[in-house]
Amino acid sequence: MYALLNKVASPEDVRKLSPQERLQLCEEIRNYMVECCAVNPGHLGSSLGAVELIVALHTVYNTPKDKLIFDVGHQSYAHKIITGRREAFRKNRQRDGISGFPKRDESPYDAFGTGHSSTSISAALGFAEAARITGSGERAVAIIGDGALTGGLAWEGLNNAGSSKADLLVVLNDNNISIDQNIGGVHNYLLQLTTHPFYNRLKNKIWHSMGQGKTRDWVQKRVIDTKSNLVRGSGGALFESLGYRYFGPIDGNDLDQLTDTLQRLRNLHGPRILHIHTRKGCGFAPAEEDPTTWHAPGRFDPASGERIKSVNPADRYQDVFGEVLTDLARRDERVVGITPAMASGCGMSLLEAAFPDRFFDVGIEEGHAVTFAAGLAAAGMRPFCNIYSSFSQRAYDNIIHDVALQNLPVVLCFDRAGMVGEDGATHHGCYDMSAYRCIPGAVICAPRNELELKNLLFTGLNAAGGPFIIRYPRGAGEGVQWRKAMYKALPLGQGERLMEGKRVAVLGLGPVVNRALAAAKRHKADYWSGPAVYDLRFLKPLDTGILEEAGKFHAIVTVEDGSLKGGLFGAVCEYFAGRPEAPIIKGVGIPDRFIPQDSQKAQWADCGLDEESLYELFVGMMKNL
């Protein structure tokens, strides 16, 4: 079934194949990718579309000496498969398996670790300049998708690289915009001409013979203007104006043309852009027909393409958010929703369908999303800005400078807070509480279930001003009824006692409180008594009444699905610092290390945040107090 693929242990083996054999290899890689991802889900659609690109790059470039730098990594599966990780790919994104993204300590072929968008051009420029300084002769290639190109960092890198004249190739993998009108005989002829070695030697000789001066500058400007007009329909004029030589667009699923073009471009120098068009999901009909769903489809039948849906009676937090936001928008014309390219993932596509004029997908621009929200708030609107927790790190300055400092009413909804599962360390929402707790005027809260999320969204709508941060996890809620419940504004800084107890007070935030409560009830059933359990609900402002009550216990246990350093544990320790009669304080949360990919439940156990670990902790503490 995989006659050629089974013989490929490294890109060196790919380079030994004939052009016809490499075509067969691409087909086998696709089939293998579908087979593996059907039972072990991953980011399938983009990687299916980039198979020919990766085979061509490894054919033309001398990897790992030459550096391929991927953006995000959603398109890198074929790269992993042909760089000695074919069998390891069966455990892609699993514990003790390979990462779903390029990772430097995993393979010498992974030149730069990725996971967050729009970093490839900046990193590749670093490699290119290092090669120039050291004289190593290494080549650097950045592979970036049209989605990632919306990110501000990508344009910072483009601007710097274009003015630096670095020996850098940027491959723009465009899998969204049609370029049919640009693929044809004349277009291909011009591409062959502009990449031909003779043409480029002649061009350089002409420029050199003209020397430096105003005459050369004037002639070059006329040539660039003329060429830009030829490629203006494909966006080339913009890249040319930034200092790049622009080539394309070409069919990125045509292996022969792609390999030939890359061979020609490899021998050119200076910053170059190769614009290719690929089909997301290429070679697998269901993924080609519905690329959004098949970006990360979960488990499926590889023969029929039928997706295998997990059975969970509880609504996802993302769906609760989407439904409540849409209902609030129906009730209040000031409500608007903003997302940096995560509408379907965060649930905001519901608002888009109901109120398209009050929905804004700004692209992968987290910082802009927050400042845009601040502008809307300053103009009297009530913006809800939804950003995955790990991506919110990119908007830190905007949250402080543009929202908090101006005391503007912006509700920041941090989806995917805590452990996210198989995406691993690049996507965990570990650091938001530690990062934002120090911001003056910020409110930080975490619902323990779906109804709490509904009420906190309503509370945020009516809050006075400053960043109102609501953090909640990926996936299913607790199964509580929330749709028919009336809205209830929750007093800021007010928590709730969930269980009476003795000797130990458990203070928690978010859904982890439910596991702590289950462990405490189990302890009480087994030992006739148990710890008291409190849902603080707000990290900032803290419920000082609950803290004073907890201070009368022998010990306090804080429980949080965020970093122990600087989060709830830090806040409670600060509150009791210096008190002569302060209780023992024990923190349970995400430790000071990066948590690898695994299932969410396994990651909770790794951090001591699962019910069993908390039960064992309570048993030990209650015995020794």
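Name, by its number, the condition in (1) closer than 21 Å to K565 by Cβ; (2) buried (at least 20 other Cβ atoms within 10 Å of the Cβ); (3) hydroxyl-bearing (S, T, Y) that does not hold for Y396. Every condition holds for Y396 apart from (2).
Is segment 595-611 home to any residue that is of a type in the set (D, E) and modelled with pLDDT under 95? Within segment 595-611, one or more residues are of a type in the set (D, E) and modelled with pLDDT under 95. Among the residues of segment 154-175, those that are hydrophobic (A, V, I, L, M, F, W, C) and either touching a helix residue (DSSP H, G or I) at 6+ places or on another chain (Cβ under 6 Å) or touching a residue at least 24 places away in the same chain (Cβ under 8 Å) (or both) comprise A154, L158, A161, A166, L168, L169, V170, V171, L172. If only residues of segment 438-455 that are more than 14 Å from P541 (Cα to Cα) and hydrophobic (A, V, I, L, M, F, W, C) are counted, the one that is nearest to the chain's Cα centre (by Cα) is L453. Here is a check on your reading of the model: is V320 buried (at least 21 other Cβ atoms within 10 Å of the Cβ) and without any contact (Cβ under 8 Å) to a residue 60 or more places away in the chain? The answer is no for V320. Only one entry in V533, V504 is β-branched (V, I, T) and without any contact (Cβ under 8 Å) to a residue 40 or more places away in the chain, namely V533.
Within segment 281-296, the set of residues being crowded, with 22+ Cβ neighbours inside 10 Å and in contact with a strand residue (DSSP E or B) (Cβ under 9 Å, 6 or more places away or on another chain) comprises W294 only. Residues of segment 113-135 being part of a loop (DSSP other than H, G, I, E, B) and under 16 Å from the mean Cα position of the chain (by Cα), which ones? Within segment 113-135, G113, T114, G115, H116, S117, S118, T119 qualify.
Yes/no matrix, rows are residues, columns are (1) more than 28 Å from W528 (Cβ to Cβ); (2) in contact with a Lys or Arg (Cβ under 8 Å, 6 or more places away or on another chain); (3) of a type in the set (V, I, T):
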{"position": "G587", "(1), (2), (3)": "no, no, no"}
{"position": "I595", "(1), (2), (3)": "yes, no, yes"}
{"position": "D598", "(1), (2), (3)": "yes, yes, no"}
{"position": "Q603", "(1), (2), (3)": "yes, no, no"}
{"position": "L617", "(1), (2), (3)": "no, yes, no"}
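Scanning segment 365-380 turns up at least one residue that is in contact with a helix residue (DSSP H, G or I) (Cβ under 7 Å, 6 or more places away or on another chain) and assigned to a loop (DSSP other than H, G, I, E, B). For segment 449-498, the tally of residues that are part of a loop (DSSP other than H, G, I, E, B) and either of a type outside the set (A, V, I, L, M, F, W, C) or out of contact with any helix residue (DSSP H, G or I) (no Cβ under 8 Å at 6 or more places or on another chain) (or both) stands at 23. Does segment 58-74 contain any residue that is small (G, A, S), farther than 26 Å from L168 by Cβ and within 20 Å of the chain's Cα centre (by Cα)? No. So in segment 536-560, with the set limited to residues that are touching a Lys or Arg at 6+ places or on another chain (Cβ under 9 Å) and touching a residue at least 60 places away in the same chain (Cβ under 8 Å), which one is farthest from L492 (Cα to Cα)? So, considering only residues that are touching a Lys or Arg at 6+ places or on another chain (Cβ under 9 Å) and touching a residue at least 60 places away in the same chain (Cβ under 8 Å), the one farthest from L492 (Cα to Cα) is H554. Note on segment 556-604: among residues that are among the small types (G, A, S) and over 24 Å from the mean Cα position of the chain (by Cα), the one that is nearest to M419 (Cα to Cα) is G587. Among the residues of segment 398-410, those that are touching a Pro at 6+ places or on another chain (Cβ under 7 Å) and within 10 Å of A377 (Cα to Cα) comprise V403, V410. Against the test of being at pLDDT 90 or above, within 22 Å of Y77 (Cα to Cα) and small (G, A, S), the options G252, G337 yield a single qualifying residue, G252. Elements of the type strands (runs of 3 or more DSSP E) sitting completely within segment 534-603 and holding at least 2 residues that are over 27 Å from P467 (Cα atoms): these cover 555-563, 584-590.
Does segment 389-412 include one or more residues that are part of a loop (DSSP other than H, G, I, E, B) and at pLDDT below 95? The answer is no; no qualifying residue exists.
Pairs linking a residue in segment 350-377 that is under 15 Å from T150 (Cα atoms) to a residue that is among the hydroxyl-bearing types (S, T, Y) and crowded, with 23+ Cβ neighbours inside 10 Å, with Cβ atoms under 8 Å and 6 or more positions apart or on different chains, are F360/T339; D361/T339; V362/T339; I364/S117; I364/S118; E366/S392; A369/T339. Each residue in segment 43-63 was checked for being farther than 20 Å from Y2 by Cα, out of contact with any Phe, Trp or Tyr (no Cβ under 7 Å at 6 or more places or on another chain) and at pLDDT below 95, and 2 of them qualify.
Among the residues of segment 531-547, those identified as touching a strand residue (DSSP E or B) at 6+ places or on another chain (Cβ under 6 Å) and not basic (K, R) are P531, A532, V533, Y534, D535, L536, F538, L539, I546.
Exactly one residue among I439, I470 is crowded, with 17+ Cβ neighbours inside 10 Å, over 22 Å from D327 (Cβ atoms) and not charged (D, E, K, R), and that residue is I439.
For the condition of a type outside the set (G, A, S) and modelled with pLDDT under 90, M33 does not qualify. From the list G501, G510, the one residue that fits, being outside any helix (DSSP H, G or I), outside the structural domain of L457 (by TED's automatic domain parsing) and closer than 11 Å to L536 by Cα, is G510. Scanning segment 484-493 finds one or more residues that are among the aromatic types (F, W, Y) and in contact with a Phe, Trp or Tyr (Cβ under 7 Å, 6 or more places away or on another chain).
The values are calculated or read from the model by the stated rules, or taken from the named source; none is laboratory data. Computed from a prediction, not measured in an experiment: that's the story for all the values here. Counting neighbours? That spans all protein chains shown, and the Cβs are built from the backbone with ideal geometry, glycine included.
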